[in-house]
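Engineer: One structure coming up, written as structure tokens, with questions to follow.
Readers should treat all values here as calculations from the given coordinates under stated rules, not as data from a laboratory. Model, not experiment: these values are computed from the prediction.
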Amino acid sequence: MSLHKNFTGRGLHEPATYKVRNSTGSTITKGKVVKRTGYVAVMVVEVVSNPVSDIVLGIVLDDIADGDIGYVAAQGDFGQFDTSAFSVDDVLYSD
């Protein structure tokens, strides 16, 4: 059980998630990597612009329209992403 009120772990291998708000002015689509930009009742996020220097929060689980609340997976098993085109030990960044 998490001590953070907006962080939930549902099962041993299911992604642990953060409840977040999109205040970017446009929809953040499923699979985008986001970073925290503030806090207004819940964390406010935007899409990562530099995967090397930005501090990543997690991956958006479903589309989040501007002003809406959604969920970002912070850790866990992300088996739904096809990485078969890459070699073992390749470093991958989501766009």
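Engineer: In whole angstrom, and with the biggest value first, how far do the Cα coordinates of segment 27-66 range along each principal axis?
Structural biologist: Its Cα atoms span 25, 21, 13 Å along the three principal axes.
Engineer: Same structure again: Taking every pair of alpha-carbon atoms in segment 19-95, what share in percent sits in each 5 Å bin, from 0 to the bin with the longest distance?
Structural biologist: Final binned percentages: 3, 15, 27, 24, 17, 8, 5, 2, 0.
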